[in-house]
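Laboratory data are not the source of any read-out in this text; all were calculated from the coordinates shown. Computed from a predicted model, the values in this text were never measured in an experiment. Virtual Cβ from ideal backbone geometry, glycine too; neighbours counted across all protein chains shown.
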Number of protein chains: 2
Amino acid sequence: MLQPLGFDPLRWLQGSTEDDEIQEADRIWVAVDGMGGDHAPGPILEGCLEAIDRLPLKIRFVGETDKVLAAADALSLRERLKSAQSADHLDLVASGPSIGMDDEATAVRRKRDASINLAMDLVKKGQAMAVYSAGNSGAMMASAIFRLGRLKGIDRPAIGALFPTKDPGQPVLVLDVGANMDCKPVYLHQFALLGNIYSRDVLQVKEPRIGLLNIGEEDCKGNDLALKTHELLRGEARLHFTGNCEGRDVLSGAFDVVVCDGFTGNVLLKFLESVGSVLLGVLRAELPRGRRGKVGSAFLRSNLRRIKKRLDHAEHGGALLLGVNGVAVIGHGSSKALSVVSALRIAHSAASHGVMEDLAALQSGCD
Amino acid sequence: MLQPLGFDPLRWLQGSTEDDEIQEADRIWVAVDGMGGDHAPGPILEGCLEAIDRLPLKIRFVGETDKVLAAADALSLRERLKSAQSADHLDLVASGPSIGMDDEATAVRRKRDASINLAMDLVKKGQAMAVYSAGNSGAMMASAIFRLGRLKGIDRPAIGALFPTKDPGQPVLVLDVGANMDCKPVYLHQFALLGNIYSRDVLQVKEPRIGLLNIGEEDCKGNDLALKTHELLRGEARLHFTGNCEGRDVLSGAFDVVVCDGFTGNVLLKFLESVGSVLLGVLRAELPRGRRGKVGSAFLRSNLRRIKKRLDHAEHGGALLLGVNGVAVIGHGSSKALSVVSALRIAHSAASHGVMEDLAALQSGCD
């Protein structure tokens with residue numbers, strides 16, 4: 001059985017979590033940048049309240065208090081917010097002027113009390129196990145680097161996204177998908193080491209198969225970056241390097257981690273997101289053709305709705321910011337409540353599977 | 001109505017050609033590298049014989065005579081071949097030792113009488129209007145450069161592939177998809193000029209909208225190559241530069257030509273080719289779910305078969321080699337007869353719409 005593109009690859013990890021009653025003792029704190037995202041803070045708050053019901057989380061919601069409360073009123077969430085607060089499931093943390101979606105990343109230096117900065121600080125101080133933001137991803141990365149710091153031995157943090165594969169429950173972690181436009185071979189080497197740990201700890205892959213995105217299977221193929229990276233990966237004993245991964249192999253299930261520069265990865269990720277809607281159009285045009293087609297389509301209405309839902313990008317989770325000293329999840333700028341829940345699920349998984357311990361071990365190898 | 005991924009974007013161009021009887025006077029000569037491709041020469045010959053019936057073409061089939069005739073016997077094509085020859089629709093041209101799929105591109109210098117070289121020469125001598133090969137694409141490019149020569153003002157030829165878009169009958173020409181791994185801004189600028197002419201002349205787009213593949217819409221986004229190329233394209237009066245094209249915009253129909261480096265383009269093309277089969281898997285798994293699903297799917301069997309056929313990569317055509325002094329079409333290495341027909345249709349379109357005249361005009365601007 002193949003998996004649809006909108007399949008949330010981390011859902012299986014959660015096992016029965018969402019069906020069982022959540023044990024209070026299992027809940028871990030996650031810091032949320034309440035002001036990040038095109039529609040913030042309303043849908044971010046709504047998603048957090050929803051996540052509290054579904055996942056073993058507690059939320060430190062960082063935002064400009066007046067705007068957060070106004071959004072809660074507008075969405076009739078005031079009562080739910082109050083009860084989450086009194087159950088100690090949600091904590092409102094007041095922040096100063098926020099970083100806009102169009103602000104330069106350097107704005108995180110000027111706006112010291114911006115929600116994204118204070119959210120990072122909560123992780124730094126140990127008051128949260130992970131941080132989530134659907135805001136300006138450049139600003140988020142800058143904030144993470146300044147406040148949390150980079151891991152030792154990592155020159156550049158990378159953004160890792162989970163792509164579905166043909167194998168159910170076996171997504172592939174692709175990185176970088178947008179943090180680093182122009183990469184050196186050593187960056188991609190580091191991405192592979194980071195991806196290896198996340199794949200092992202968060203996705204529970206025993207011996208992740210690491211691939212290098214390239215234009216051919218042969219060692220001699222590629223651009224200058226790929227050729228030099230290939231040499232580095234081939235000689236790396238800490239990794240199970242499986243070789244080059246062509247464009248057609250990304251979704252094949254033959255790789256658990258695929259490394260590439262942030263330009264190519266970003267193009268690929270956005271392309272993947274758009275393909276679902278193109279396919280739906282094909283189905284809508286082709287399936288109801290002819291008399292038999294019309295009858296058949298009528299019978300399939302609910303199945304088609306489910307396929308549409310699975311292909312829907314709002315069902316997708318967030319991306320991971322790898323290489324900083326903490327678990328950080330980046331949401332889509334256009335995140336609605338459902339995407340927030342999905343991204344928080346990823347944050348929870350990453351925070352509760354010992355990633356940071358293994359990353360620390362990676363650093364100790366750099367002394 | 002949206003178009004399926006496997007839609008042959010040039011079929012519409014042919015208009016009623018394939019239904020009408022073909023006029024002998026309309027037939028143009030196309031040179032075919034009979035020995036190029038994983039399965040050559042059998043399926044190549046079969047595709048050519050099929051194309052003769054469907055398109056206003058005549059074929060100069062270049063190959064090692066004994067192997068071609070043996071393949072004709074093996075596929076029971078001997079009679080059909082004879083009648084095509086006697087109707088002056090197919091001409092067998094004997095060649096020397098061929099270039100293998102694994103040969104270095106430089107083999108075209110050693111094996112002077114290889115089928116690909118002789119096929120190029122036929123175009124050079126004016127005995128064919130276009131050349132087609134499903135062989136080693138590196139060797140094909142080398143042969144095209146040595147035998148046909150580059151266009152003046154073009155540093156590097158590029159491979160252009162047609163991607164379908166949401167708009168029926170309006171494919172987008174993406175280049176480069178694999179000829180040039182490491183590109184300079186000036187190469188991409190030249191790709192844009194070449195793509196513009198092909199889009200106008202072959203796809204009959206009045207004022208092609210040229211896009212630059214990039215990670216954001218804003219002018220300031222991108223890797224070093226994209227940023228510098230953006231400046232060149234913005235100042236180019238011969239083009240209608242529409243701006244950056246994100247991964248999600250490639251299939252949107254908002255662009256007629258999208259330029260990128262050959263690494264990114266190759267990854268994207270192969271990814272696109274694989275997505276079809278992944279999506280079919282989703283359909284196969286999801287549609288027949290439940291009792292209503294089973295009934296509905298039974299009614300839809302023939303429509304599903306049509307969707308599968310449209311998503312099938314054998315239905316795709318070839319890619320264009322742009323920037324050399326002649327019309328050259330590159331087929332998939334794994335080409336079967338159907339792909340050969342599809343690629344020859346592209347060769348015919350490109351050869352019969354005045355591309356070379358406009359390319360000559362482009363060169364005269366370089367004096």
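The alpha carbon centroids of segment A:173-220 and segment B:166-181 are separated by 27 Å.
Could you work out the Rg to Rh ratio of chain A, with Rh taken as the Kirkwood radius (inverse of the mean 1/r over all Cα pairs)? Computed over Cα atoms, the ratio is 0.98.
Other residues with beta-carbon under 12 Å from the beta-carbon of A:R110 carry, at +1 per Lys or Arg and -1 per Asp or Glu, a net charge of 0.
Fewest neighbouring Cβ atoms within 10 Å first, the residues B:M140, A:M129 line up as A:M129, B:M140. Bridge orientation summary for chain A: considering DSSP beta bridges with both residues in this region, about 30 percent are antiparallel. When each full DSSP H helix of chain B is screened for a Cα extent of at least 30 Å along its own axis and an average Kyte-Doolittle hydropathy of at least 0.5, the helices passing are B:262-286. With R₀ fixed at 30 Å, the C-beta to C-beta distance from A:A87 to A:L338 puts the FRET efficiency at about 0.85. The antiparallel fraction among DSSP beta bridges confined to the protein assembly as shown stands at about 30%. Counting Cβ atoms of other protein chains within 10 Å of each residue's Cβ and taking the mean over peptide A:268-276 gives 6.
Excluding the site residues themselves, the longest part of chain A lacking any GluC sites (Glu not before Pro) in a DSSP loop with at most 15 other Cβ atoms within 10 Å is A:237-367. Among A:C183, A:C220, B:C260, the ranking by other beta carbons within 10 Å of each residue's beta carbon, starting with the fewest, stands as A:C220, A:C183, B:C260. Computed on chain B, with alpha-carbon pairs under 8 angstrom and 6+ residues apart, the relative contact order is 24 percent. Label-point distances for B:D66 to the equivalent site in the other copies, using a point 7 angstrom along Cα→C-beta, read 9.1 nm when ranked shortest first. Per-residue ellipticity at 222 nm, computed for chain B from helices alone with -39500 (n - 2.57) per DSSP H run of at least four residues, works out to -13000 deg cm²/dmol.
Counted by neighbouring Cβ atoms within 10 Å, the residues B:V174, A:V295 run from fewest to most as A:V295, B:V174.
Most simply put, segment A:155-317 has about 25% antiparallel DSSP beta bridges, counting only bridges with both residues inside it. Available extension along the chain between B:A70 and B:S302 is 79.8 nm, counting 0.36 nm per residue and deducting the alpha carbon span. For the residue pairs A:K206/A:K336; B:K58/B:K336; A:K124/A:K228; B:K152/B:K221; A:K67/A:K111, the C-alpha atoms sit more than 28 angstrom apart in A:K206/A:K336; A:K124/A:K228; B:K152/B:K221.
For segment A:155-317, the equivalent ellipsoid built from the Cα gyration tensor has semi-axes of 36, 16, 14 Å, listed from largest to smallest. Only residues of segment B:92-108 count here: report those whose backbone N is under 12 Å from the spot 7 Å along Cα→Cβ of B:F146, or say none. The answer is B:99, B:104-108, whose backbone nitrogens lie closer than 12 Å to the label point.
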